[in-house]
Amino acid sequence: IDPVQLRGRVSETLSEVAEVCRRFEVLLILDELKTCPRVAMGGVQEVFGVKADLTIVGKGLANGFAFAAVLGPKWLDSARHESRIMGTFNAELSGFAAMLATIEILRREDAPRELATLGSRFVDRTNHLLREQSLYDFVQLSAEPWPSMPRIRIGPRPDLERRLASETARRGACVLCPHMSFVCLRHTTEELELAAAGVVAAASELRKE
């Protein structure tokens, strides 16, 4: 399960799925490529108290460097040897070095909390500008359930979502729509303001169509 694909009652859904997996002795595998460490250093499992049998993490832990790992109990190591998975770049360690350095920074700066603050600030500012321009009925931003991964929706015209992203990009800011966007730890107030203004200007342009 990729937690960001869940809608509505994320905590309850994960708990129910975990219970079903235990009941039928099925492995629960969580894809935390996006959520770990963005929503918490321990991902959604830390936030909601749900424990997966296997957890997939990736380049988010290494600041974009090529890195991926499957986390699990000790029996996973014996399964790894039996599977004989080999690759040309298996011995490449730069991704691991990047991961260790990134985790040190994320912990030191309490990154999940800061990312949630930045995401909420971006959503609140953009929605405020949309309301000022009487565009909120057309475009809305949501910080739920992950403020660090805000979503943009064009209510009456979902067919224009990709156009909104391209129009915002022409104005100097990269937002993803209908996919969630990502707030970065090093985003400045000025950059978030630029992104908010870009979304509003793009929405105003598309509203005329």
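The values are calculated or read from the model by the stated rules, or taken from the named source; none is laboratory data. Everything quoted here is computed from the prediction, not taken from an experiment. A quick note on method: Cβ atoms are made from the backbone with ideal geometry, for glycine too, and the neighbour counts reach across all protein chains shown. To get the accessible areas, we keep the full protein, side chains included, count just its heavy atoms, and leave off ligands, DNA and RNA. Shrake-Rupley method; radii C 1.70, N 1.55, O 1.52, S 1.80 Å.
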- Protein-only accessible surface order, largest first, of His179, His81 at 1.4 Å: His81, His179
- Once Lys and Arg get +1 and Asp and Glu get -1 on their Cβ, which of Pro73, Thr188, Ala97 lies farthest toward the positive end of the dipole of the chain? Thr188
- Considering the dipole of the chain built from charges on the beta carbon (Lys and Arg +1, Asp and Glu -1) around the Cα centre, which of Trp146, Thr168, Pro112 is farthest to its positive end? Thr168
- Task: Taking every Cα atom in region 114-171, find the radius of gyration and the maximum pairwise distance Dmax, and write them in Å.
- Result: 11.6, 33
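How large is the dipole of region 36-120 about the Cα centre if only Lys and Arg carry +1 and Asp and Glu carry -1, each at its Cβ, rounded to the nearest 20 debye?
Its charge dipole is roughly 80 debye.
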- Note on the structure: Once Lys and Arg are counted +1 and Asp and Glu -1 for all other residues with Cβ under 15 Å from that of Glu205, the total becomes +4
- List Phe24, Phe48, Phe65, Phe89, ordered by accessible area with a 1.4 Å probe, largest first: Phe89, Phe24, Phe65, Phe48
- For helix 161-170, report the angle its Cα long axis makes with the longest principal axis of the Cα atoms of the chain; keep it between 0 and 90° and round to the nearest 10°. 80
- Item | Label point distance in nm, Val20-Trp75, each placed 7 Å from Cα along Cα→Cβ | 2.2
- Note on the structure: Pseudo-spin-label distance Leu27 to Leu194, built 7 Å along Cα→Cβ, given in nm, is 4.4
- Item | Net charge contributed by nearby residues that have their C-beta within less than 12 Å of Pro37 (K/R +1, D/E -1) | -1
- Taking the chain on its own, what percent of its Cα-Cα pair distances exceed 31 Å? 31
- Task: Could you work out the per residue convex hull volume over the alpha carbons of region 1-123, in cubic angstrom?
- Result: 128
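How large is the charge dipole for region 1-156, taken about the Cα centre, if only the Cβ atoms of Lys, Arg (+1) and Asp, Glu (-1) carry charge, to the nearest 20 debye? Could the numbers behind the result be given before it?
Working: 19 positive and 20 negative charges, 31 e Å.
My answer is approximately 140 debye.
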- Message: With every protein chain kept in place and ligands, DNA and RNA left out, what is the accessible area per residue of the chain? Probe 1.4 Å, answer in Å².
- Response: 59
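When Lys and Arg each count +1 and Asp and Glu each count -1, what net charge do the other residues less than 13 Å away from Arg9, Cβ to Cβ, add up to?
In short, -2.
Roughly speaking, what is the stretch gain from Ala66 to Arg9, that is 0.36 nm per residue apart minus the C-alpha to C-alpha distance, in nm to one decimal? Walk me through the numbers before you get to the answer.
Working: separation 57, 0.36 × 57 = 20.52 nm, distance 3.26 nm.
Fully extending the segment from Ala66 to Arg9 adds 17.3 nm.
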- Karplus (6.51, -1.76, 1.60) ³J(HN,Hα), θ = phi - 60°, over region 50-64, in Hz, Gly and Pro reported as x: 9, 10, 8, 6, 10, 10, 9, 10, x, 5, x, 7, 10, 6, x
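Hey, got the dipole for region 91-158? About the Cα centre, +1 on K and R Cβ, -1 on D and E Cβ, debye to the nearest 20?
Numbers: 9 positive and 9 negative charges, 49 e Å.
My answer is approximately 240 debye.
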- Message: So, R0 is 22 Å and r is the distance between the beta-carbons of Asp2 and Ile103; what FRET efficiency does that work out to, to 0.05?
- Response: 0.50
- Carbon and sulfur atoms account, in whole percent of the 1.4 Å probe accessible area of region 76-144, for 54
